[in-house]
Amino acid sequence: MNDTSIDYADLAEYDRRQRGIERHLLSAFFGGLAVGLVGMLLAGKGPAWVGQIYDPYVYLGLSLAVGATASGFGWALLTTFLAVASTLVAAMGAGALKGDMAFEVVGGSAAGLNWTLALLVALGLLAFATRREDVWGDLAAGAVGAALLADVVDRATPGFIDSERSFWPVPALLIGSLSVGLVLMLRRNAWGRVRALTLSAVFSGVFTVFLAAFVSGWIPLTV
């Protein structure tokens, strides 16, 4: 006689997993809407450092949070893209209500928008990879920290591409400290944290040298 018994525990676990994925999708979507809407409403209001911290670091934080909490690589890609797309739609909608139909509401320019969107999705995938307990997880955490630190260096250094005089020292030191803390939080043991911080320093250092060479004209590239 065939065994047709049903393992209700497995069905319940499957149902919980599916509901968790649904909640994650909705959270990514509505989180993106909220971040984009608030960002556009805050644009041009209050102290300059508020906007400098919000754009792009709140967007980056949303992407990292969505990617790190995804249930799989494919879901990390989908939900991160969903969060980024809803952020852009909300920001454009808020801009339209204010009479501004510009498409560069995130990133400051058309090129900056494309770069920011690609960076947000990539960081979401890296955040998911930081859940690994091996050296690849350390590498992903180091890359996340390096991306944030490199952006801080670029904006805080006079003469660099996106340099902003008012970004130094308070916003730069705040974001730099949070970036280091994020790398430490992403790893679960001392050696992993040491490796991730070392990789962050190396990656961001290489980027800084390359950027300095580019700005000084040693590397003949055009943007």
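The values are calculated or read from the model by the stated rules, or taken from the named source; none is laboratory data. No experiment lies behind these values; they were computed from the predicted model shown. As a convention, Cβ positions derive from the backbone with ideal geometry for all residues, glycine included, and neighbour counts pool all protein chains shown. Just the protein is used for accessible areas: all its heavy atoms, side chains included, with ligands, DNA and RNA removed. Shrake-Rupley method; radii C 1.70, N 1.55, O 1.52, S 1.80 Å.
When region 118-223 is described by a simple charge dipole with +1 on each Lys and Arg Cβ and -1 on each Asp and Glu Cβ, the residue from 202, 167, 213 located farthest towards its positive end is 202. Working from label points 7 Å from Cα in the Cα-to-Cβ sense, the residue 118 to residue 134 distance is 2.9 nm. For the chain, the longest principal axis of the alpha carbon atoms and the long axis of helix 135-156 meet at an angle near 30°.
Going by a ≥ b ≥ c, the root eigenvalues of the Cα gyration tensor, does the chain fall in the rounded group (a/c under 1.5), the prolate group (a/b larger than b/c) or the oblate group? Before the final figure, lay out the partial values.
On the way: a/c = 2.44, a/b = 1.42, b/c = 1.72.
Verdict is oblate for the chain.
Computed over protein heavy atoms with a 1.4 Å probe, the carbon and sulfur contribution to the accessible area of the chain reaches 70%. Summed over qualifying helices (DSSP H, 4 residues or more, each -39500 (n - 2.57)) and divided by its residue number, the chain shows a 222 nm mean residue ellipticity of -25000 deg cm²/dmol. Rounded to the nearest Hz, the phi-derived 3J(HN,Hα) couplings of region 24-34 under the Karplus curve 6.51 cos²θ - 1.76 cosθ + 1.60 (θ = phi - 60°) are 5, 4, 5, 5, 4, 5, 6, x, x, 4, 5, where x marks glycine and proline. Taking Cα centre as origin and charging only the Cβ of basic (Lys, Arg, +1) and acidic (Asp, Glu, -1) residues, the dipole magnitude of the chain rounds to 460 debye. Per residue, the average separation of C-alpha pairs within less than 8 Å and at least 6 apart gives the chain a relative contact order of 18 percent.
For the chain, with the dipole built from +1 on Lys and Arg beta-carbon atoms and -1 on Asp and Glu ones, taken about the Cα centre, which of 21, 158, 39 lies farthest toward the positive end? The Cα lying farthest towards the positive end belongs to 158.
Which is the longest part of the chain that has none of the trypsin sites (Lys or Arg not before Pro) sitting in a DSSP loop with at most 12 other Cβ atoms within 10 Å? It would help to have the intermediate numbers written out before the result.
Numbers: sites that count: 45, 98, 188.
It runs 99-187.
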